[in-house]
Structures are given as C-alpha cells and as structure tokens.
Amino acid sequence: MDFLTALFLLLGCSVLAGEVAARLGHVALVGQVAVGIVLGPTLLGPHLGLSMSSNSPVGPGLNAVETIAVFFILFMAGLEVVPEDLWNTGALSAVLGVSIFLFPFLVGAWFVPQVFPGLGETQDLFISLTLSITALPVMAVILIELKLLKTRLGSMVLGAAVVNELAAMTTFAVLLQSSKGSADPWGLVIALLQVGVFLFTILTIHQVLKLLRQGPAWARLQQRLSRPLRKRQVWFALLLIMALSSSLLSQALGLTFLVGAFYAGLLVTRESAGPVARREIGRVFGTMTWGFFIPLFFVLVGLNMDLTPLLHLQVELVFGALLLFACLSKFTAGAVVPLMFRWTPRQAAAVASLVNGRGAVELAIATILLASGVFTVEIFTLVAAVGVVTTIIAPIGAALAKPESRPDEVPKNPRGPASPAPAR
C-alpha cells in the first residue's frame, strides 16, 4: 500500500508538473525534476515518508522502478540511432559531434580537479563525461517544439547528437570497466578489450540481421513465425528479451546494463526489422517510455537530489563554476565548428545553444554512478543540477537564435547552408 501510494503521488505530480512547465514554455523535465525536489529530502520528503533509501519502506521499490526506467530510456535512445545514417550525416555533423564531446571532456578532465579538489581521478573523469553529453531524445523534442526538425540545421544537429551519444556511451563503458581494475596500463588495455568484445558482438549481430533481411529466407521465416506468433504482444516480448540479453552481456563483461540497453536499440533497424515494424516498435516504446517511465524517472531524479549542501557558499561556487564551464565548453565547440564550415553567426549560435541540452542521458548515467557508489549524493546533486539547468537554457537560447528557415527545408549540402551559385 505504501509503495502504490508513493507511485501514485510521484507519477501524478510529475505529469502535472510537466504539463505546467510545457505551458510555461519550458521542457517537461524541468517541472518533473522540480516537483521531485519538492517531494524529496530538501523539503517534504521527511514528512511524507518518500525516500530512495533502502531503509525506507518504499525505497527498494522506487529503486527498482528507477532501474527499469533507465533501461527503457537508454533502449529508446538507441532506437533513435540508425547506424547507416552515421555515414550520411556529412562532414559537419561528424566533426561537430566529435568536437562537442572531446572538447568538454578533455578540458573538463583538467578543469574539474581545479574547482572540485579532493576527488579521485575516476570521479573527475566521470564528472567530465557527464558534462560532455548532448542528449539525443531531448534534442529531438526541442527541435520538434521549435519546428526545426525538418530543416537543414535540425538534421545536422541530430546527426551530431548521434555521434556525440555513441562516443559518450562508449567512453563511459571504458571508464566504468577501467575503474574496477588496476590503475596500470594493462588495466586500461583489458577494459578496452572487453568493450571491444561487446561492440564487436553487437555489430556482428547487426550485420547478420541485415544480410538475412536481404535474402528470401528471411521472408519465409517471418511467415512461419507469424502463424504461431500472431499477437503483437509476443513480438514485443521477444524484443524485450533481446534487449535484456544485450544488457546481460554487457553486465557479464563488467559493464553496466545501461551500455547494453543503449546498443540493443541499434539492432532494431529498417534492415533487421523492416521499415513498418521498426516504426511500430518505435511508436510503442516511445509511448510507454515518454508516458510512464520518463515522468517517473525525472521525478525520482529530483527525489535523489538533496539541495541542502547548496546552502553553503563553497558548494554554490563549485556549482556555479561547473555550470559556467558546461555552458561555455559546449557553446564554444558548438559555435566554432559551424563557423568553420561557413554557417552564419546566427545559425552557429542556434547550434551552440541546442547542443547544451544534456537531459535524460546525463541523468541516467549519473543515477547509475550514484547507485554504484562512484558518485556521492553531493556530487550527484551538483551534476544533476547542471544537467537540468543546461537543459532549461538550451531551448531558450535556441529560440532566441533560431534562424529563419522553411519547415520543409532538407539538408542538401553537408558543408553548410546552401549559397547562391557563383556567376559564370
């Protein structure tokens, strides 16, 4: 009864707060995290009995729900990535995607110890990693709301977000595995080999499914299976089994299940599942994730955050420094690269604002690091707060710098906006 009451209260308040935030012009996660903070240890949590602690009557249940929510969010993020599209993103998307990850990560590896002394090297690198993420799902939502999804700018930014997310998740897997081993070079080599084995397995399965799809035997196999398995629920269950097996593989190799869930989504492509089936799968998972798991996840993120340490001046200065670095590093990389490809300053400013949205992916990684003991509650609160604030700033900055473009404008030139042909 206590768990069901807590679930009812959290989901109801999260959905309501998300709608209020959306009507005020913000993304829904702003309201969802905010209401979680109100219901958490900072304000009402001690009085309502809401806590993620294992000593709380509802703590184990809420932690289990949070784990499932993280699984669905990362699997859905993987569904948004089409491996073949990486080859079609163009030079600008590829360079931008790598730049908005490497620049904040490498500079952050030096900057974080300066403002947050006393941490270990592993914690410094993980904090830098969270500051380097551009969340693909949040990016897509912002582009839809700003009516930029079908434009040249929107397609380019989405391609860059795909590259960024793949780089971030792969780096996360390497760091997580190396943090469990020794600090010598052999520990890093073993970590890279384990990650390589996992990625090789996933990509091999993807290629096998692609080749089977192209042959006549695949159609006959589908027809045979469709007779005993006519109901869509069975296919949905089989897809979940595939995603869970990928998560188990990554967990068995010493990686977190989060990495396996993300890369499992890559296996569901137009070639392996078929265009109609993939669209249906994306719709079903999107409805379930955005309608249930994401509101719960964001309110639980807020419930995990204890803002009382921010009342101290020293912690506030650290938060301000991390937030300033997070914004400036992403904005610098996001603006310089388009300008190098001869985009206009206004378009470059819009791109730089959009890539600042960290959203669900950063918070999911921070949640895993909190549960595994890598992050303390204080570090988690600072990282999560930076992620929430930058996600608030991203659509505001993009709306102010939004270039005029037709909704049906599609990318034709990977180097940048089309320019008038020179006179002959």
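The values are calculated or read from the model by the stated rules, or taken from the named source; none is laboratory data. Quantities reported herein were computed from a predicted structural model and do not represent experimental measurements. Cβ sites come from the backbone with ideal geometry, for glycine too, and all protein chains shown count toward neighbours.
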Exercise. Check off (1) under 22 Å from residue 392 (Cβ atoms); (2) surrounded by 21 or more Cβ atoms within 10 Å (Cβ to Cβ); (3) modelled with pLDDT of 80 or more for residue 75 and give me the number that stays unchecked.
Key: (1)
Exercise. Go through region 1-24 and count every residue that is touching a residue at least 12 places away in the same chain (Cβ under 8 Å), over 19 Å from residue 65 (Cβ atoms) and not hydrophobic (A, V, I, L, M, F, W, C).
Key: 1
Practice problem: Would you point out which residue out of 322, 296, 339 is within 21 Å of residue 132 (Cα to Cα) and out of contact with any Pro (no Cβ under 8 Å at 6 or more places or on another chain)? | Solution: 322
Quiz item: If only one of 16, 9, 43, 4 is in a loop (DSSP other than H, G, I, E, B) and surrounded by fewer than 23 Cβ atoms within 10 Å (Cβ to Cβ), which one is it?
Solution: 43
Quiz item: Can you pull out the residues in region 330-349 that are within 26 Å of the chain's Cα centre (by Cα) and of a type in the set (Phe, Trp, Tyr)?
Solution: 331
Quiz item: Considering only region 372-384, how many residues are in a helix (DSSP H, G or I) and within 16 Å of residue 175 (Cβ to Cβ)?
Solution: 2
Quiz item: Taking region 337-357, which residues are in a helix (DSSP H, G or I) and crowded, with 16+ Cβ neighbours inside 10 Å?
Solution: 337, 338, 339, 347, 348, 349, 350, 351, 352, 353, 354
Quiz item: Does residue 176 satisfy the condition of being in a helix (DSSP H, G or I) and either within 30 Å of residue 397 (Cα to Cα) or modelled with pLDDT of 80 or more (or both)?
Solution: no
Quiz item: Somewhere in region 305-323, is a residue part of a helix (DSSP H, G or I) and within 25 Å of residue 15 (Cα to Cα)?
Solution: no
